[in-house]
Amino acid sequence: MEQIQILKEREKQIFEKKDGGAAFDISCETTSLSGSVSQRACVFCGSRVVLYPVADALHLVHGPIGCAAYTWDIRGSVSSGPELHRLSFSTDLQETDVIFGGEKKLYASLIELIEQYQPKAAFIYSTCIIGIIGDDIDAVCRKVAKETSIPVLPVHSEGFKGTKKDGYRAACISLMKLVGTAETNDISPYSINILGEFNLAGEAWIIREYYEKMGIQVVSTMTGDGRVDAVRKAHGATLNVVQCSGSMTSLAKDMEEKYAIPFIRVSYFGIEDMASALYDVAKHFPDRPDIMEKAREIVKSEVERLYPQLQKFKAALSGKKAAIYVGGAFKTFSLIKALRSLGMSVVLAGSQTGNSDDYGNLKEMCDEGTVIVDDSNPVELSKFILEKEADLLIGGVKERPIAFKLGVAFCDHNHERKIPLAGFIGMYNFALEVYQSVMSPVWQFAPRKGGLK
Amino acid sequence: MLLRHTTKEVKVREGLTINPAKTCQPVGALYAALGIHGCLPHSHGSQGCCAYHRSMLTRHYKEPVMAATSSFTEGASVFGGQANLLASIDTIFSVYDPDIIAVHSTCLSETIGDDLQQITKKAADDGKIPEGKHVIYASTPSFVGSHVTGYANMVVGMAEQFAESTGEKKEQVNLIAGWMEPSDMREIKKLSKELGAKIVLFPDTSDVLDAPQTGKHEFYPKGGVTIPELKSTGDSLSSIALGCISAEPAAVALDKKCGVPFETVDMPIGISATDRFIMALSKAASVSVPDEITSERGRLLDAMTDMDQYFYGKKVALFGDPDQVIPLTEFLLDLGMLPLHIVSGTPGKRFEKRMAEILERSPGANFKNGLGADTFLLHQWMKNEPVDLLIGNSYGKYIARDENIPFIRFGFPIVDRIGHSYFPSVGYSGGLRLVEKILGVFMDRQDREAPEEKFELVM
């Protein structure tokens, strides 16, 4: 395998943990270099993924057809009831609209859709071109809200106005407009909102059940299996429990400021983090020791069941090496711990959108020799997977075929997961999926890792 | 009932698309560019466009799809994207080292007025394009046409920006591929070889998007039309465009630039369209049709006659891209079926005209293309007049499930089944595959739902 070159401008976004090596100073939160084969997406993508699971809202994409077409039901955010979010609505702007403006079309589309589908609220996503032609979508939304008496919320997600994280922020701003608009009489003081959990493969249901078993009322999940009415009364909860910190911390901060609701950061991946997620919430209600008691019971019974089941996987996977490249950095922390509990080590860890704190933490957690990357590309990923002799890659849709071409096992820890990976049962599923891919008999036929092995 | 909201009553919608039967131009341009050997497609726009296109193609092909992006920022959208594109060209040649960069525009770069011709010329003038390397471009704003016209525009770019006429004719025929699968392109090459016709097929995504597992991630897989081949198209005897919407514009461009005469045929899907393609190619290359091809045709015909009773009178709804839908509709009619409802999101009069000709044999059929021709409309039509079979891309599965009818995946994207990149739909063997698939879904249904006394072994 010939040496793969790393782009000079990218050197600062790559770090290898070594004894006595250079001081840690990874460059991140920058826009991607023009001309790179980046795995990142845009502002619109960020907003769309956060709001999409609100199942009884209308999601109208204002722009040319592509933005709506590419985001049509591609994430497995499941709903227990309405499924309006799984359809694709677009104003499908044409050349004349770009010249004369798309406001009339937006207005007409909204009126038609709201009449036909009777949604509880509507989210209107601005795409790149709206930011250029200057449609006043706020004004259109206000007008339609008045005429239809439902909340009609603009989402300022023009693709070029920052990174995916700015899209998360725009989504949170829209959600914040809904929060606080309904009565909270029926909410107990022992209550939480689950933020940053998108119910992929039904994960929010698993998490919700744990908390409910502890005697805690879950006011809303944002946005997995989301409902407009639940979001509207989310300000009645006592605590915000934030997962996937990149997407929802800003909403938690806004709610803290406006409604004095504190928040904690949690992760539901892996035994350790899942248990902490329950304990940390229980600690918030010291006057109710029964809640902590219940949390301990849940953890005990789940771990007692899970631990023996994991041993088979651990025996097979011990000593294997993993590479991680996912969207948010917070997820990599949990994954490292989860992989270690299976006896595996991590040789490459990276994310599309981590910040310097995240990478600092990551460096602390990682073993010597681990490569840390921000906003990586397929060339680099391939290079490090081969050099570090990884047996497994954890990533998303664009990374999967790269792993398989290299003859390396793969686990989708992004939105194309087919089974829940969160919760205690999720740890079992994760171990099983990793085991199935790493130990698959197909590898005996496949040249692996550039033909080296 | 995921589509429980779909109403039977068809109302006029004011420019609103629900569940589209198309996507935007750039993804087509990106797909076409992958059919050039050693090419890195480049998306001149926001980062998201490129990520979405790569994801969509990756889901469809289960293959790595490489493309770069100008990564527009707020500054670029105010001051123009020239600096981003020039920097991109530098980055790409120094890091990814392709033979060619194929740039396509997006809604954003078009709206702010970036001129790709001017910027690529500046890149050349400034010495940013290394000796022997190339940058081509196509204008593909998302608010015009569809993914199909985006594909066509990039193929035009290949013809216009590469073809040269040296004054000396080459004994070869240009075959300009409309949007088809790598498996289809492989089949076209196989048929041409059997015919003994010397051809240049472009673009050619076989061995790019159906690459074997080798233990390596080839940034530039071995397939794709080469630059010398593209240059030579200007000296070819003639061109045959396979599809009036996605391929013909490039044939016109070649004729204009290098005086290469052309003929347009439908994409060779089904028996009639394949017959016409074989005739056109044998004429253009002055070769006679060998027994091998006649036998292939005979085997397709044999299956059609053997199983005719199962096809006859069956009603079909279909949606997809115009160059595929046109010959497929004809093939369904040839099989004795009744295509009743047809939509294609791609605009254009050519589709209307061709469909009107073909559907003379199916009175009462509905068809619509362009704005408003989405799968929501198709579903409404189906509710008003039910059909026995639905054919379309993966998004048809919602309708098929709600209406409880057999469904065949055909077109782009197919994200929930494999096969399309391995087995062709074009040519006689492609026809045979379609026959087998259609029969399969009908008979599976019959076996599953027939009452015991009517459950038959021999069918």
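Details
- Test: residue in segment B:280-288 that is of a type outside the set (D, E, K, R), within 21 Å of B:Thr329 (Cα to Cα) and modelled with pLDDT of 95 or more: yes
- Those residues of segment B:1-47 which are among the hydroxyl-bearing types (Ser, Thr, Tyr) and more than 30 Å from A:Ser36 (Cβ to Cβ), in sequence order: B:Thr6, B:Thr7, B:Thr17
- Residue check, A:Thr184 farther than 18 Å from A:Tyr52 by Cα, in contact with a Gly (Cβ under 7 Å, 6 or more places away or on another chain), in contact (Cβ under 8 Å) with a residue 24 or more places away in the chain and polar (S, T, N, Q): yes
- Here A:Val98 clears all of (1) farther than 23 Å from A:Pro151 by Cα; (2) of a type in the set (Val, Ile, Thr); (3) touching a Gly at 6+ places or on another chain (Cβ under 9 Å) except the condition numbered (3).
- Residue, surrounded by the fewest Cβ atoms within 10 Å (Cβ to Cβ), within segment A:25-75, restricted to residues that are at negative phi and of a type in the set (Asp, Glu): A:Asp25
- Total residues in segment A:114-136, condition assigned to a helix (DSSP H, G or I), surrounded by 24 or more Cβ atoms within 10 Å (Cβ to Cβ) and among the aliphatic types (A, V, I, L, M): 2
- So B:Leu378, is it under 27 Å from B:Phe277 (Cα atoms), modelled with pLDDT of 95 or more and not polar (S, T, N, Q): no
- The lone exception for B:Ile438 - which of (1) assigned to a helix (DSSP H, G or I); (2) within 20 Å of the chain's Cα centre (by Cα) it fails: (2)
- Here the helices (runs of 4 or more DSSP H) wholly within segment B:288-401 that include at least 3 residues being touching a Ser or Thr at 6+ places or on another chain (Cβ under 8 Å) are B:291-306, B:322-334, B:349-358, B:375-384.
- Across segment B:28-38, the qualifying residues are those that are farther than 22 Å from B:Ala87 by Cα and part of a helix (DSSP H, G or I), and the one among them that is farthest from the other protein chains (Cβ to nearest Cβ) is B:Ala32.
- On the stretch given as segment B:60-75, residues that are within 7 Å of chain A (Cβ to nearest Cβ), over 21 Å from B:Ile36 (Cα atoms) and not in a loop (DSSP other than H, G, I, E, B) total 1.
- B:Gly157 meets all of the listed conditions (1) more than 30 Å from B:Gly372 (Cα to Cα); (2) assigned to a helix (DSSP H, G or I) but one, namely (1).
- Any hit, segment B:9-24, residues being surrounded by fewer than 24 Cβ atoms within 10 Å (Cβ to Cβ), more than 28 Å from the chain's Cα centre (by Cα) and more than 25 Å from B:Val325 (Cβ to Cβ): yes
- Against the test of being crowded, with 24+ Cβ neighbours inside 10 Å, touching a helix residue (DSSP H, G or I) at 6+ places or on another chain (Cβ under 9 Å) and not assigned by TED's automatic domain parsing to the domain that holds A:Arg86, the options A:Ser220, A:Ser250, A:Ser245 yield a single qualifying residue, A:Ser220.
- Scanning segment B:95-142 for residues that are in contact with a Leu (Cβ under 7 Å, 6 or more places away or on another chain) and of a type outside the set (D, E, K, R) yields B:Val95, B:Tyr96, B:Pro98, B:Ile101, B:Val103, B:His104, B:Ser105, B:Ile119, B:Ala123, B:Tyr137, B:Ser139.
- Residue in segment B:79-95 that is farthest from the other protein chains (Cβ to nearest Cβ), counting only those that are under 21 Å from A:Val379 (Cα atoms) and free of Cβ contacts under 8 Å to residues at least 24 places away in the same chain: B:Ser94
- Which listed residue is out of contact with any Asp or Glu (no Cβ under 8 Å at 6 or more places or on another chain), free of Cβ contacts under 8 Å to residues at least 60 places away in the same chain, within 30 Å of A:Val37 (Cβ to Cβ) and among the acidic types (Asp, Glu), from A:Asp357, A:Asp287, A:Asp367: A:Asp357
So that you can scan it fast, the table gives a plain yes or no per residue for (1) more than 7 Å from every other protein chain (Cβ to nearest Cβ); (2) modelled with pLDDT of 95 or more; (3) in contact with a Pro (Cβ under 7 Å, 6 or more places away or on another chain); (4) not in a helix (DSSP H, G or I):
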| residue | (1), (2), (3), (4) |
| --- | --- |
| B:Val10 | yes, no, no, yes |
| B:Pro20 | no, yes, no, yes |
| B:Leu40 | yes, yes, yes, yes |
| B:Ala51 | no, no, no, no |
| B:Ser77 | no, no, no, no |
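The values are calculated or read from the model by the stated rules, or taken from the named source; none is laboratory data. Everything numeric here is computed off the predicted structure, so don't read it as measured data. Cβ: placed from backbone, ideal geometry, glycine included. Neighbour counts: every protein chain shown.
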